[in-house]
Amino acid sequence: MPAEVEAVQLAADDDLAGFRAAVRDLVARRVPPEAVHWQCAQQAGGLFDAATPASPQAPQTVPQALPAPPLRLPAAVVDLLQHAALHRDAGRFALLYRLVWRLLAEPGLRGDPLDADRLQAEGMARAVRRDMHKTKAFVRFRPLPDGSHAAWFEPAHHTLRATAPFFVRRFAQMRWAILTPERSVAWDGQALRCGPGANRADAPGPDAGERLWLTYYAHIFNPARPKPAMMRKEMPRRYWPNLPESALIAPLLHAAAERSGRMLEAGGADPQRRRPAASIALQLDRRPAPAAAGTLEALRLATEACRACPIGRHATQAVHGEGRPGAALMLVGEQPGDQEDLQGRPFVGPAGQVLQRALDALGWPRDALYLTNAVRHFKHELRGKRRLHKTPGQLEATACSQWLEQEIALVRPRAAIALGATAARALLGRPVAVTAVRGQWLRRADGLPVLVTLHPAALLRLDAPDPGALFAGWLDDLGRAAGVAWTDGGDGP
């Protein structure tokens, strides 16, 4: 090597910290790209040894006429360098340092999308990002006898350490290791350790869980829409040896035509979906007048057709009250939850399980009560694929008030329990501070006694130091209704 060329040694092929430190040092000392030779040290140490920090060799001072500019690069360029530096191309460090040198010396280069060095670096960065995405998608863990898990994978570039934090976040409670030919990483639940490469034989073999996954994969394969070209694009063949489901692809594609024929012969099932309001209204119009008037069934059909507020346009269905006319006690909640919306029944989700626990403790049979809600549709917001509960507003509760009032008139309960502030306001027609009056009897304008207490969902949300005491206090609130609901001429309010 000529004396005027300076060697910079990085700790590993993916030593981004060492590369950044070396670039800053070289730029500060005005060492031109052609005077730098980049190389990586051999990896050493075991899988559970801490990674060795990278540090470049002490470079030699090389005279250069270029003034030393400050090392300030746009964020997009920094991101480009960090990804391209993980490419497998042996000349990537020389290319990227040359690009940095030119960007500092020629500010106009930052706006040139056709520069050859920049195009080459962007191509490397795209390949690395794609490889990181495939690593996240195609790593398959298998169990080990000690309860930990391991996976064998062959990334196209030096992306394992850069992708490892994703698996730490996703499997934080699991001890696992990812083995590759060049490097391995292991997570013990507390720290991430890096080590040397491994052999495929070091990874565990198939297990019962993998057979279950293959059964699931075979059943979700749609034979009516096979797209081999798109499949190979999203799941390149180079990854197939590491994917257990790859063995099923050829047989599934081969049998696709026959399976599609059987599906056509069997015919389709009617989809279960929410009926449009117009269809429900038409059905209501066609019902005989005597059967449609003055019954809970007629009330249910009218509620289904209601679009007085926007909630009904996005819910799966209206959730009606459940129970028999003449029930002595009516329990009124806020609104249906996610499970109630899907099943069409009140109090069947997590809050409903808390309520059922209370009913069992009090000895109140559910079928002797009437359970309903102040609002009949599920108000929510989407977070990814999850539907998160949102408290209904006063306008929405007012729009539903007619259905609650008709329900009270048809059921004719002796008393009602307001579960939460929304239910209390709907029953009493005014705002109610639940925590101030919980366990107390209030009276509606029509004389119906209303016991106010917490909604069972509040018991799930409250961070109480003693959850048992919180439930016991709530149970005591509910128990105050026993004399009104179950004892003729009892000590009611």
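Using θ = phi - 60° and the Karplus relation 6.51 cos²θ - 1.76 cosθ + 1.60, list the HN-Hα couplings for the stretch 6-12 in order, rounded to whole Hz, with x at every Gly or Pro.
Listing the rounded values in order: 9, 8, 10, 10, 9, 5, 7 Hz.
Skipping prolines and chain starts, which residues have an amide H placed within reach, meaning under 5 Å, of the one on Gln440, given they are 5 or more residues away or on another chain?
Val452
Amide H to amide H under 5 Å from Ala198: which residues, 5+ apart in sequence or cross-chain, H placed 1.01 Å off N in plane?
Those qualifying (amide H under 5 Å, at least 5 residues apart or on another chain) are Thr180, Glu182, Arg183.
How high is the FRET efficiency from Ala218 to Gln82, r the C-beta distance, R0 45 Å, rounded to 0.05? Working shown, then result.
Values: r = 40 Å, r/R0 = 0.89.
Result of the calculation: an efficiency of 0.65.
Using amide H atoms built in the peptide plane, which far-off residues or other-chain residues are under 5 Å from His37 H to H?
Amide H neighbours of His37, under 5 Å, 5+ apart: Glu6, Ala7, Val8.
Determine ³J(HN,Hα), in whole Hz, for all residues of the stretch 247-260 in sequence, where each value follows from phi through the Karplus function 6.51 cos²θ - 1.76 cosθ + 1.60 and θ = phi - 60°; x replaces Gly and Pro.
Here the 3J(HN,Hα) series is 5, 8, 4, 4, x, 5, 5, 5, 8, 4, 4, 5, 5, 5 Hz.
If neighbour count is taken as other Cβ atoms inside 10 Å, put Val354, Val432 in order from fewest to most. Provide the component values of the computation, followed by the final result.
Working: Val354 19, Val432 22.
Sorted ascending by nearby Cβ count, the order is Val354, Val432.
Which whole-Hz ³J(HN,Hα) couplings does the stretch 416-427 yield from phi under the Karplus relation 6.51 cos²θ - 1.76 cosθ + 1.60, θ = phi - 60°, glycine and proline marked x?
Using θ = phi - 60°, the values come out as 9, 10, 8, 8, x, 5, 4, 5, 4, 5, 5, 7 Hz.
For every other residue with a beta carbon closer than 14 angstrom to the beta carbon of Gly439, add +1 if it is Lys or Arg and -1 if Asp or Glu, then tell me the sum.
Working: positive: Arg438, Arg480; negative: Asp476, Asp477.
That works out to 0.
How high is the relative contact order of the stretch 317-486, given as a whole-number percent (alpha carbon pairs under 8 Å, six or more residues apart)?
On the way: 304 pairs, mean separation 42.1, N = 170.
For the stretch 317-486, the relative contact order is 25 percent.
Label point 7 Å out from Arg313 along Cα-to-Cβ: which residues of the stretch 366-396 have amide N under 17 Å?
377-382, 393, 395-396
Only the coordinates and a few stated rules stand behind these numbers; no lab work does. Everything numeric here is computed off the predicted structure, so don't read it as measured data. Heads up, the Cβs are rebuilt from the backbone with ideal geometry, glycines too, and the neighbour counts pull from every protein chain shown.
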